[in-house]
Amino acid sequence: MASATSPLSFLISHPQSTKPVPSLPFLKRSRLHCTTSSTTAVSAKHHRRPAEENIRQEALRLHPDCDSKYSAWYAPFPLNEEDPNEKYSLDEVVYRSKSGGLLDVKHDMEALSQRSGSYWRELFDSRVGRTAWPYGSGVWSKKEFVLPCISPDEIVSLFEGNSNLFWAERLGKEHLDGMPDLWVKHCGISHTGSFKDLGMTVLVSQVNRLMKQPMGRSIIGVGCASTGDTSAALSAYCAAAGIPAIVFLPADRISIAQLIQPVSNGATVLSLDTDFDGCMRLIREVTAELPIYLANSLNSLRLEGQKTAAIEILQQFDWEVPDWVIVPGGNLGNIYAFYKGFEMCRALGLVDRVPRLVCAQATNANPLYRYYKSGWKEFNPITAETTFASAIQIGDPVSIDRAVFALQATNGIVEEATEEELMDAMSLADRTGMFACPHTGVALAALFKLRASNVIGVNDRTVVVSTAHGLKFAQSKVDYHSGTIADMACRYKNPPISVKANFGAVMDALKKSLNNGKI
Ligand SMILES: Cc1ncc(COP(=O)(O)O)c(C=O)c1O
Ligand SMILES: N[C@@H](CCOP(=O)(O)O)C(=O)O
């Protein structure tokens, strides 16, 4: 925390856990709406949808029914060998298989494979940068791979996704031996400031479908346990749809910015005297008792949205596959979602291989890392300790089996980062123009280690997934730059300099600070 005498003390301290193809019909429609084409402003206006129609109504008129060629359903994860036919409609409220295991959303891959890889690539590319409902969303631009059977009228979207893929030029050049092909996928530059928006648009859309007529299911709200980001995303999407949201938060373990998000969006916020794992146990008990739909990534619908970040990365590289993708892991849904996105594109011929995945954990919350180090022999849940990467302070991850599957299928690696390593990595990245969150710091620290051991080669195309916006975790940066964190050198700290408001004092301060005092 910033001490009272620190130049940062004016900041209130809070507890810190502390290419178009003419043959595709949709393109003809898009062109009609393109006001930047060679058509005059007058003709563009002429082709605009009727004034009394909004974009949702327009989508309904253009696609009145769901695309019945494609379908998806829930199946046990991994497949139940005793009952290989066990499956459930996505319109059922079910989170677990008969055996108590996880579920997975499966797609009719045979139907999807009737179209070539180049068809899908061109279709997805054609939808980027538009406002056609719902394709203006990076998630729904891949609707056929996500929830093919939902109607445009049921979708709750805030045009999420399509996030920036940042070329980390200076970080690679100056701090990673000249690494020329280093990228950061900014999933946190998003509506609620984290990648959770990608999954939440899918989950809340499906709940909206269930609650609306003709289904009219008696669901009274949607609930989650959260370390702060899932709750923010759930609250925003529910508020946009007019659906009640209920969030269980571990008291004093999330940032003030994260706490105020569900509060502002009108969710019912329960601050509980336990950790995330305790909140998770409680929400599972409550959702088993009350008709509250469970929004955590135990619910495999979420991962269908999150997997589109992987597809987007491929798209942003013009469908070339990177060598490595590094993802910070907590409850471990996202690492599997990335695998799913990459593997689906491989299986359907959009690309010819999948990247190697790295899951990065904080040393203070590293059950997956320990499991990996045991040679995948023994998994033991732990009580996660406090970490600056507070959103991944999770000791008993729900998606442990999914994560292991993803890592084994991609010849993947698990790495860990101490508090000092993750804060230094975050702060160094900030010094090269980013404003990373501590979780992204965990992934960056893993990159530094894997580069130092030459596991990741200097010329390997590497993507670090940034999972949240740094502004949500400003307090951790205040602490770091104050240099007041116990047992941490805070090597890259850059506190503001308190200076008297007169010319001489300002000149002295500048001389001392700039150009190593040589001006
Ligand atoms: C900012 C941030 N990064 C990373 C993660 C880890 O994602 P997952 O729980 O899917 O492993 C989370 C949530 O757990 C998060 O909120
Ligand atoms: N970091 C998450 C933890 C819960 O993960 P989920 O993906 O299962 O919802 C959060 O922000 O709550």
| field | Residue among Lys340, Lys377 that alone is over 14 Å from Thr410 (Cβ atoms) and away from ligand 2 (no atom under 13 Å from the Cβ) | value | Lys377
| Flag if Ile313 is away from ligand 1 (no atom under 16 Å from the Cβ), among the β-branched types (Val, Ile, Thr), under 14 Å from the mean Cα position of the chain (by Cα) and under 27 Å from Ala417 (Cβ atoms) | yes
| Residue that is farthest from ligand 2 (Cβ to nearest atom), among those in segment 212-235 that are among the aliphatic types (A, V, I, L, M) and buried (at least 20 other Cβ atoms within 10 Å of the Cβ) | Val222
| message | Of everything in segment 466-519, what is touching a Phe, Trp or Tyr at 6+ places or on another chain (Cβ under 6 Å) and either loosely packed, with under 10 Cβ neighbours inside 10 Å or on the phi > 0 side of the Ramachandran plot (or both)? Give them in sequence order. | response | Cys490
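Results for (1) within 16 Å of ligand 2 (Cβ to nearest atom); (2) at pLDDT 95 or above; (3) outside any helix (DSSP H, G or I); (4) among the aromatic types (Phe, Trp, Tyr), shown as yes or no for each residue.
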position: Pro322; (1), (2), (3), (4): no, yes, yes, no
position: Arg346; (1), (2), (3), (4): no, yes, no, no
position: Gly349; (1), (2), (3), (4): no, yes, yes, no
position: Cys359; (1), (2), (3), (4): yes, yes, yes, no
| request: Output the residue which, of all residues in segment 145-179 that are more than 18 Å from Leu198 (Cβ to Cβ) and small (Gly, Ala, Ser), is surrounded by the fewest Cβ atoms within 10 Å (Cβ to Cβ). | output: Gly178
| remark: Of the listed residues (Val442, Val398), the one being within 16 Å of ligand 2 (Cβ to nearest atom) and out of contact with any strand residue (DSSP E or B) (no Cβ under 7 Å at 6 or more places or on another chain) is Val398
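Tell me, which residue of segment 382-413 that is closer than 20 Å to His439 by Cβ and more than 21 Å from the chain's Cα centre (by Cα) is surrounded by the most Cβ atoms within 10 Å (Cβ to Cβ)? It would help to see each step written out before you state the result.
Residues of segment 382-413 closer than 20 Å to His439 by Cβ: 382-400, 402-403, 406-407, 412-413.
Going one step further and asking which of them are more than 21 Å from the chain's Cα centre (by Cα), we end up with 382-386.
Details: Ile382: 14, Thr383: 11, Ala384: 26, Glu385: 15, Thr386: 17.
Result: Ala384.
Taking Glu320 as the residue in question, decide whether it is among the charged types (D, E, K, R), under 30 Å from Leu182 (Cα atoms) and surrounded by 23 or more Cβ atoms within 10 Å (Cβ to Cβ). Spell out the reasoning first.
Values: among the charged types (D, E, K, R): yes; under 30 Å from Leu182 (Cα atoms): yes; surrounded by 23 or more Cβ atoms within 10 Å (Cβ to Cβ): no.
Judged against the criteria, Glu320 is not a match.
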| With (1) modelled with pLDDT under 95; (2) in contact with a Leu (Cβ under 7 Å, 6 or more places away or on another chain) as the list, and Arg121 as the residue in question, which single condition is left unmet? | (1)
| field | Gly188, sole failed condition from (1) outside any helix (DSSP H, G or I); (2) of a type in the set (Gly, Ala, Ser); (3) surrounded by fewer than 24 Cβ atoms within 10 Å (Cβ to Cβ) | value | (3)
| request: Starting from residues that are part of a loop (DSSP other than H, G, I, E, B) and not charged (D, E, K, R), keep the ones in segment 236-260 and report whichever is surrounded by the fewest Cβ atoms within 10 Å (Cβ to Cβ). | output: Gly242
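In segment 220-265, how many residues are small (Gly, Ala, Ser) and within 18 Å of the chain's Cα centre (by Cα)?
Kept after step one, since they are small (Gly, Ala, Ser), are these residues of segment 220-265: 221, 223, 225-226, 228, 231-233, 235-236, 239-242, 245, 251, 255, 257, 264.
Restricting the remaining residues to those that are within 18 Å of the chain's Cα centre (by Cα) gives 225-226, 228, 231-233, 235-236, 255, 257.
Residues in segment 220-265 being small (Gly, Ala, Ser) and within 18 Å of the chain's Cα centre (by Cα): 10 in total.
Any residue at all in segment 80-93 that is at pLDDT below 85, in a loop (DSSP other than H, G, I, E, B) and out of contact with any Gly (no Cβ under 9 Å at 6 or more places or on another chain)? Even if it seems obvious, please write down each step before you answer.
The first filter runs over segment 80-93 and keeps only residues at pLDDT below 85, leaving 80-82.
The next check asks that each one be in a loop (DSSP other than H, G, I, E, B); those that pass are 80-82.
When the remaining residues are screened for being out of contact with any Gly (no Cβ under 9 Å at 6 or more places or on another chain), the result is 81-82.
Yes, the conditions are met somewhere in segment 80-93.
The values are calculated or read from the model by the stated rules, or taken from the named source; none is laboratory data. As the structure is a computational prediction, the values presented were derived from the model and not from experiment. Cβ sites come from the backbone with ideal geometry, for glycine too, and all protein chains shown count toward neighbours.
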